Amino acid sequence: MKFTVGIAMNPLDQLPALVQTAEECGYSSIALPDSLFFMEKQSAAYPYTPDGSRMWNEETPWVDPLIAAAALGAVTSKIRFYTQVLKLGSRNPVLLARQVGSVANLIGNRFGFGVGIGWAPEEFEWCGVPYKNRGARVDEMIEVIKLILDGGMVEYHGEFFDFDRLQMSPAPTSPVPFYVGGHTDVALRRAARVGDGWTSAMIKFDDLVQIISRLGELREKYGRAGQPFEIQAVCVDRFGKDGYSQLADAGVTDTIVVPWIFDGIGFDGPLEAKQESLRKFADKYIE
């Protein structure tokens, strides 16, 4: 099982040193979060907390994950980066194809594209995109991005997106893996049908086991059971050697961790303390 470092909500000036330390310590990847803006009043509940509130406020630092991947990839050489997850619904797929392809080329194919729909109506509407039919639109968006990234002259004529023959060069020299997020059955179907893996939000172990089983059923249904498939998990109730062994036995291929949290260091804590936590965790758990 691989270990990925989650860097959400950390001061932006700490990120280069944190990812360099993670690379030195043998972590596999960096999980890049996505947040467009903080709306003062939210019209929908955040789906991954018990009371629907957000875990951040208007002052919490964020950076566009594709820009972060390019910048952080430039100061590293081995560690991978993936969005966890980029909210597709409020964006344009043709523009995203150019951005994703650029990142993959610039950092030597060390990039994975984790995608979700997005939970906040404001992110859609204030970016000029309708909230209605968002699931069907995202399905087309994934088709469009994959089509363009494959290279060559392509065209697309769908319900929501329509363009004549175009080409973006250079195409990535290796396929960009797509990881699909979401805990609903619709999201799991999307992951099993078109994804190279599934990525979780915060989740308890028993729920995670059920989802992994369901993904297996769906991948069998879609004729993809024999293909490689990653399970990236943020499990909130399994830790330590025994806990990580349980995750691996359950089918998790990549567990996302924030080592400084285990040491009681907050997101706004000192860089040196976070680096020491990365080293301690790696010495203890990463072989």
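Quick notes on this one:
- The listed residues are ALA22, ALA17, ALA45, ALA69, and the only one of them that is open to solvent by 20 Å² or more (accessible area, probe 1.4 Å) and in contact with a helix residue (DSSP H, G or I) (Cβ under 7 Å, 6 or more places away or on another chain) turns out to be ALA17.
- Considering the conditions (1) of a type in the set (A, V, I, L, M, F, W, C); (2) surrounded by fewer than 19 Cβ atoms within 10 Å (Cβ to Cβ); (3) under 18 Å from the mean Cα position of the chain (by Cα), VAL94 is excluded by exactly one of them, (3).
- Candidate set from the stretch 265-287 (those that are assigned to a loop (DSSP other than H, G, I, E, B) and without any contact (Cβ under 8 Å) to a residue 60 or more places away in the chain); member that is nearest to VAL209 (Cα to Cα): GLU287
- Output for the stretch 47-59, where each listed residue is of a type in the set (Phe, Trp, Tyr) and closer than 19 Å to GLY266 by Cα: TRP56
- The stretch 142-175, subset open to solvent by 60 Å² or more (accessible area, probe 1.4 Å) and not charged (D, E, K, R), residue nearest to GLY108 (Cα to Cα): THR173
- Filter pass, SER53 being in a loop (DSSP other than H, G, I, E, B) and either over 23 Å from PRO175 (Cβ atoms) or modelled with pLDDT under 95 (or both): yes
- Neighbours by Cβ (under 9 Å, 6+ apart or cross-chain): first from the stretch 49-61, under 11 Å from SER35 (Cα atoms); second hydroxyl-bearing (Ser, Thr, Tyr): TRP56/SER35; THR60/SER35
- Some residue of the stretch 4-13 being part of a helix (DSSP H, G or I) and at pLDDT 95 or above: yes
Here's the yes/no breakdown for (1) more than 21 Å from ARG137 (Cα to Cα); (2) touching a helix residue (DSSP H, G or I) at 6+ places or on another chain (Cβ under 8 Å):
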position: ALA187; (1), (2): no, no
position: ARG190; (1), (2): no, yes
position: MET202; (1), (2): yes, no
position: PHE205; (1), (2): yes, yes
position: VAL209; (1), (2): yes, yes
position: GLN227; (1), (2): yes, yes
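The values are calculated or read from the model by the stated rules, or taken from the named source; none is laboratory data. All of these numbers come straight from a predicted model, not from anything done at the bench. Positions of Cβ are backbone-derived with ideal geometry, glycine not excepted, and every protein chain shown enters the neighbour counts. Calculation scope for accessible area: heavy atoms of the full protein, side chains included, ligands and nucleic acids excluded. Shrake-Rupley method; radii C 1.70, N 1.55, O 1.52, S 1.80 Å.
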